Amino acid sequence: MTGPRLVVGAAIVEGGRLLAAQRSAPPALRGGWEFPGGKVDPGEDEHAALVRECAEELGVQVALGRRVGGDWPLHDDWVMRVWLATVVTGVPRPLEHLALRWLEPHELYDVPWLPADLPVVAAIEKLLPNHSG
């Protein structure tokens, strides 16, 4: 196998707020909060995978912006790549998650993020308007 296996995530920002999604599965991760997204299928473009995942998980079409950081390590040979995103059509709904929550900059750490997502949250915090430091 060449290179790491990829998971893509969307840091969906609207009105200065960040969308967080609460995992429903697997049992070990259930209840934790993450960025919407998922695995890139073999031969699939990363951007196409992320647009597909947002449609499947949230019922929305997104436009992708800049990438946040580099490769964020997960487990084994998996890495996560995250892009800033905006909703183009639709309203996010928890189609595959327990819940969704729009977090204001001062609320970013009010949910128990999955450990792999925490450093990404810290990077995104610096990009949000009204960042209080």
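The values are calculated or read from the model by the stated rules, or taken from the named source; none is laboratory data. Fair warning: this is a prediction, and the values are worked out from it, not measured in the lab. Here the Cβ positions follow ideal geometry from the backbone for every residue, glycine too, while neighbour counts run over all protein chains shown. With ligands, DNA and RNA removed, areas are computed over all heavy atoms of the protein, side chains included. Shrake-Rupley method; radii C 1.70, N 1.55, O 1.52, S 1.80 Å.
Dipole magnitude for segment 9-92: about 340 debye, using +1 per Lys or Arg Cβ and -1 per Asp or Glu Cβ, origin at the Cα centre. Charging the Cβ of each Asp and Glu at -1 and of each Lys and Arg at +1, and nothing else, the dipole of segment 45-133 about its Cα centre rounds to 340 debye.
Within the chain, the longest run free of trypsin sites (Lys or Arg not before Pro) that sit in a DSSP loop with at most 11 other Cβ atoms within 10 Å is 31-125. Estimated purely from DSSP H runs of n ≥ 4, each contributing -39500 (n - 2.57), the mean residue ellipticity at 222 nm for the chain is -4500 deg cm²/dmol once divided by its residues. Residues whose amide H comes within less than 5 Å of that of Val60, counting only those at least five positions distant or on another chain, are Ala55 (H built at 1.01 Å from N in the peptide plane). Residue-wise HN-Hα couplings along segment 49-61, as the Karplus relation 6.51 cos²θ - 1.76 cosθ + 1.60 with θ = phi - 60° gives them from phi, are 5, 5, 4, 4, 4, 5, 5, 5, 7, 10, x, 10, 9 Hz; Gly and Pro carry x. Within segment 1-111, DSSP assigns beta bridges of which about 70% are antiparallel (rounded to the nearest 5). Between the C-alpha center of segment 1-21 and that of segment 73-97 there is a gap of 4 Å. For the chain, the relative contact order works out to 32 percent when only alpha carbon pairs closer than 8 Å and six or more residues apart are counted. The calculated FRET efficiency for Glu125 paired with Ala55, based on their beta-carbon distance and R0 = 35 Å, is about 0.85. Computed over protein heavy atoms with a 1.4 angstrom probe, the accessible surface ordering of His97, His106, His47, largest first, is His106, His47, His97. Using a probe of 1.4 angstrom and keeping all protein chains present, the accessible surface of the chain works out to 51 square angstrom per residue. Carbon-plus-sulfur accessible fraction, the chain (probe radius 1.4 Å, protein heavy atoms only): 54%. Residues whose amide H lies under 5 Å from that of Leu103, counting only those 5 or more places away or on a different chain, are Leu18, Leu19, Ala20; hydrogens are built 1.01 Å from N in the peptide plane.
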